[in-house]
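One structure is given here, and the rest of the page talks about it.
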Amino acid sequence: MTFGKGCHLHLIDGSAFIFRAYHALPPLTRKTDGLPIGAVAGFCNMLFRYIEGNKGPDAPTHVAVIFDHSSKTFRNEIYPDYKANRPELPEDLRPQFPLTREATRAFNIACIETEGYEADDIIATLSCQARDAGGRVTIISSDKDLMQLIGDGVVMFDAMKNKTIDRDEVFEKFGVGPERVVDVQSLAGDSVDNVPGAPGIGIKTAALLIQEYGDLETLLARAGEIKQPKRRETLINFADQIRISHRLVSLKCDTPLDFTLESLEVRAPEPDTLLTFLNVMEFRTLTKRVADSLKVAAPLPETATPSPAAQAEAVAAPEALPFDHAAYEAVTEPEQLARWIARIRERGHVAFDTETTSLDEMRADLVGISLAVDPGHACYIPLGHRQGGGDLFASDSLVEGQMLLAEALALLKPVLEDPAILKIGQNMKYDWKIMARHGVEIAPIDDTMLMSYAMFAGLHSHGMDELSERYLNHRPIPIKELLGSGKSQITFDRVAIADAVKYAAEDADVTLRLWQLFKPQLHRARVTTVYETLERPLVPVLARMEMAGVKVDRDTLSRMSNAFAQKMAGFEAEIHDLAGGPFNVGSPKQLGEILFDRLQVPGGEKGKTGAYATGAEVLEDITTLEDSHPQGAELAARVLDWRQLSKLKSTYTDALQDHVNPDTGRVHTSYSIAGANTGRLASTDPNLQNIPVRSEEGRRIREAFVAPPGRVMVSLDYSQIELRILAHIADIPALKQAFRDGHDIHAMTASEMFNVPLDQMTSDIRRQAKAINFGVIYGISGFGLARNLRIPRAEAQGFIDRYFERFPGIRAYMDDTVAFAKAHGHVETLFGRKIHTPEISAKGPGAGFAKRAAINAPIQGTAADVIRRAMIRMPGAIAGIDARMLLQVHDELLFEVAEADVDRLIATAKEVMETASDPAVQLSVRLVVEAGRGPNWAAAH
DNA sequence: GACATCACG
DNA sequence: GACGTACGTGATGTCC
């Protein structure tokens with residue numbers, strides 16, 4: 001078939017596929033020999049998905065995958081530094097390159113690369129040829145360097161976003177049409193490819209210039225006419241550099257090619273070739289999916305004398321067996337359960353899951369228990385399924401065909417508490433608490449959620465559905481299918497037992513398969529220690545804290561709510577008066593319109609949704625307009641007052657009352673262990689980690705957190721833990737000395753930076769230094785500091801420059817951390833916790849976010865690790881003391897202690913916290929803990 | 001369910 | 001005068 005009108009050529013940017021695959025997937029290796037194959041696996045998946053997705057009426061007639069041959073091209077002769085600042089290739093990626101070529105050929109797709117040319121040039125050449133022959137072209141890539149090719153039947157397609165890129169997108173990105181993209185790029189340069197461009201000119205300015213003068217040559221010829229002197233000088237002085245840039249970014253349409261367009265005609269894959277390749281790579285799931293798609297049988301996995309270890313893992317290969325809901329068993333008789341228990345004892349481990357009536361473990365009733373011992377071999381024990389309904393007064397009766405709860409517990413308790421039998425769960429803290437309420441303390445445990453967290457923090461979330469889809473290629477039955485949603489939602493005890501068996505046993509099955517997959521990976525990912533010392537042991541500790549709960553005095557809260565309500569009503573009346581009529585003060589939209597439209601307060605700025613911003617900062621600025629706009633200033637001030645009370649009332653004094661457990665009379669939060677990427681805990685339902693303290697009004701809410709009679713609240717908190725860790729990690733002698741001497745760290749910083757002796761320090765200078773110290777931890781920027789201190793940006797930048805000058809180690813730490821993240825795709829805490837940074841090499845504005853997060857993560861994460869270690873050791877250390885650990889607030893632990901034991905508790909707990917990093921990490925800065933005590937949290941803090 | 005706002009370390 | 005920006009969380013109320 002001659003290539004011509006009616007033909008449609010697809011050109012796939014192979015290198016882009018490889019890099020996306022590499023960064024999207026964990027570092028997978030081939031089981032038999034450890035060959036890194038993550039990128040190849042991802043590449044094959046993407047290619048297969050591409051093929052499956054392009055079978056419709058608009059299917060391509062011709063297709064090719066194009067690769068870069070090597071990093072040296074003709075552009076290096078024009079400009080030796082071209083792409084010179086590219087980071088070194090990860091060492092486990094390079095050996096995968098030839099395999100991606102092999103994969104492309106295995107899929108029976110033309111695989112193209114040419115020495116001395118970039119893939120982009122080949123794509124350009126093929127595009128031109130196809131277009132000239134009258135055909136259409138789709139370039140599958142999102143690389144902006146290819147956008148110059150768009151037009152005349154050539155479009156781009158971003159396979160990740162599933163979105164076509166046409167003239168409009170090009171205009172949005174470059175401010176000019178595709179035919180002028182090269183001109184804009186020549187001026188703006190490109191830091192990623194190291195194209196110099198014109199210094200000080202970015203895409204915005206470049207687009208303006210090209211729009212005004214038409215094209216680059218005209219612009220350079222008439223550069224003398226430019227009004228802005230600096231811009232004019234730049235264009236005249238750097239004309240040569242701009243022309244070189246032009247040659248660098250212009251794609252060549254005349255790359256020598258030794259094949260014809262006709263040879264790219266779409267061919268169906270040869271099942272034998274393709275399946276053999278996939279099988280050799282040991283992509284079991286993909287092999288199966290491809291075989292299904294080609295309607296042939298999948299080949300048997302390679303069996304060439306695997307090592308015993310490999311054999312064991314092959315047995316454990318969770319993909320090997322499909323999920324079969326019909327195979328799950330309902331256990332209703334003691335003899336039946338006894339048989340399962342015998343199998344569990346044989347195996348030495350069991351996946352365990354509970355079904356209940358609520359997500360709140362302290363109120364949930366146990367409805368059933370599921371167990372799994374081998375993949376596909378799982379059961380469900382119904383215990384509390386009920387029927388009846390409508391009658392509000394009679395308690396509903398148990399459904400027939402269930403086991404008696406007491407009988408099941410009697411059989412299971414010895415297993416669940418047997419130190420020789422490992423209980424495997426997904427988010428085991430939940431099940432631990434449910435069983436603890438039935439007098440069973442599960443141990444020992446493994447937790448697949450925490451394994452995932454140890455290996456993949458930062459890459460994705462760690463819920464079961466997510467993990468199952470990602471790693472087992474299986475979508476479990478959604479709970480919504482059983483319970484429904486919204487108003488008509490039912491509780492699990494109303495689910496028919498037959499449905500419950502499928503759902504619940506599947507959960508245990510999935511958990512077991514995930515465990516088999518993850519367990520050996522922990523070691524390879526070098527996070528076994530993290531999992532064993534920072535994650536797993538925390539489960540029972542947190543479970544006990546949550547079950548203990550904290551006593552909250554309802555009456556105090558209720559009185560405060562009433563007082564807030566009264567005050568708010570007063571403010572509201574004033575606000576309506578000032579506004580000239582009633583409106584919903586709680587609606588930022590209405591408030592914005594009143595302030596900026598009706599009252600014409602200057603400076604209203606609309607956000608991306610078109611609404612005025614009315615955040616606290618904006619309102620505070622308006623309150624300073626007393627002279628020019630007294631009405632607006634007054635209104636803003638009252639709204640700020642109203643908002644403060646509204647927040648305190650709705651989020652704290654009202655909501656907290658509803659969280660008092662009727663059985664215990666206490667508030668039981670729940671900590672998520674795997675929620676925050678950095679290793680911090682997060683507190684939910686209610687969040688007890690953000691109880692007010694900064695404002696006097698708010699702090700009084702802590703007075704409602706009380707110790708019962710005869711007991712005392714004790715709070716211990718790390719002093720400046722993050723700055724101490726920074727001083728250690730970045731190795732800053734001045735900071736360390738200050739901590740050693742017990743000096744005021746912010747005053748010391750101020751003194752160093754502004755050359756003010758300590759005895760002449762003012763609170764304002766100290767405040768600025770404090771902001772800088774914190775800024776450093778957050779990955780400082782001139783803009784951010786300026787906003788925080790409300791000073792001009794240049795001044796803020798000056799502070800930062802001086803800070804880096806005085807403490808050069810900080811600069812080095814920041815640079816090293818970002819470089820490490822780019823090289824490895826993650827950063828690490830001192831204790832080896834890995835936090836992945838998949839966006840670190842992103843281009844554009846996202847890059848700043850990722851960098852700052854990468855700089856912050858080791859500091860925040862190390863502090864989180866330290867307090868985790870303290871918490872894990874705490875129960876053992878305070879065993880002889882009449883005290884309970886109740887809450888953790890990132891750098892603070894709150895205890896409830898018998899009056900007589902307070903001093904002993906403080907001494908012991910302080911010691912545990914201050915030495916928490918030992919012996920794993922030898923900190924060069926001492927950790928210091930401050931203690932407080934009192935009848936309530938406000939007094940203790 | 002997205003967004004704006006604001007509470008904490 | 002490239003871009004848009006402090007890091008990490010969770011809960012509440014509007015509004016569509």
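Only the coordinates and a few stated rules stand behind these numbers; no lab work does. Everything quoted here is computed from the prediction, not taken from an experiment. Here the Cβ is made from the backbone with ideal geometry for all residues, glycine too, and neighbour counts use every protein chain on show.
Does the stretch A:76-217 classify as rounded, prolate or oblate by the C-alpha gyration tensor (a ≥ b ≥ c root eigenvalues; a/c under 1.5 gives rounded; else a/b over b/c gives prolate, otherwise oblate)? Oblate, because a/c is 1.5 or more while a/b does not exceed b/c. Phi angles across the stretch A:363-368 convert, under the Karplus curve 6.51 cos²θ - 1.76 cosθ + 1.60 with θ = phi - 60°, into 3J(HN,Hα) values of 10, 6, 9, 5, 10, x Hz, Gly and Pro given as x.
Sparsely packed loop sites in the stretch A:553-645 (the GluC sites (Glu not before Pro) outside DSSP H, G, I, E and B with at most 16 other Cβ atoms within 10 Å) comprise A:E605, A:E626. Of the beta bridges in the stretch A:318-447, as assigned by DSSP with both residues counted there, near 65 percent are antiparallel. For chain A, the relative contact order is 9 percent, taking Cα pairs closer than 8 Å that sit 6 or more residues apart in sequence and dividing their mean separation by the residue count. Give me the net charge for the shell around A:S924: Cβ to Cβ below 10 angstrom, other residues only, Lys and Arg +1, Asp and Glu -1. Combined, the nearby Lys, Arg, Asp and Glu give +3. Each residue in A:Y79, A:Y531 was given a count of other beta-carbon atoms within 10 angstrom of its own, and listing them fewest first yields A:Y79, A:Y531.
Cysteines of chain A lacking any other cysteine Cβ under 4.7 Å from their own Cβ: A:C7, A:C44, A:C111, A:C379.
With the alpha-carbon atoms of chain A aligned to their principal axes, the span from lowest to highest coordinate is 87, 80, 60 Å, starting with the largest.
Helices in chain A, meaning DSSP H runs of at least 4 residues, each add -39500 (n - 2.57). Divided by all residues, the mean residue ellipticity at 222 nm is -14000 deg cm²/dmol. Restricting attention to the stretch A:8-264, lysine pairs at least eight places apart or on different chains and with alpha-carbon atoms under 20 angstrom apart total 16.
Once the convex hull of all Cα atoms in the stretch A:666-789 is built, its volume per residue stands at 186 Å³. Going from the residue with the fewest nearby Cβ atoms within 10 Å to the one with the most, A:W432, A:W515 rank A:W515, A:W432.
A simple rule links phi to the HN-Hα coupling: the Karplus curve 6.51 cos²θ - 1.76 cosθ + 1.60 with θ = phi - 60°, which for the stretch A:552-558 gives 10, 7, 4, 4, 4, 5, 4 Hz, with x for Gly and Pro.
The phi-based Karplus calculation (6.51 cos²θ - 1.76 cosθ + 1.60; θ = phi - 60°) puts the 3J(HN,Hα) values of the stretch A:158-170 at 8, 5, 6, 8, 6, 8, 7, 10, 10, 3, 4, 5, 4 Hz, whole numbers, x for Gly and Pro.
The share of C-alpha pairs in the stretch A:1-139 whose separation exceeds 19 Å stands at 57 percent.
Peptides A:361-371, A:518-528 ordered by packing proxy, namely the average of other Cβ atoms within 10 Å per residue, highest first: A:361-371, A:518-528.
In the stretch A:8-264, Cα pairs under 8 Å separated by at least six residues give a relative contact order of 20 percent. Among beta bridges identified by DSSP and lying wholly in chain A, the antiparallel ones come to about 65 percent. Which loop GluC sites (Glu not before Pro) in the stretch A:23-122, with loop taken from DSSP, have no more than 12 other Cβ atoms within 10 angstrom of their Cβ? Those satisfying the criteria are A:E88, A:E91, A:E115.
What does the C-alpha gyration tensor say about the overall shape of the stretch A:634-697? Classify as rounded when a/c is under 1.5, otherwise prolate if a/b is larger than b/c, or oblate. Kindly include the intermediate steps, with their values, before the conclusion.
Numbers: a/c = 3.25, a/b = 1.51, b/c = 2.15.
Oblate is the answer for the stretch A:634-697, as a/c is 1.5 or above yet b/c matches or exceeds a/b.
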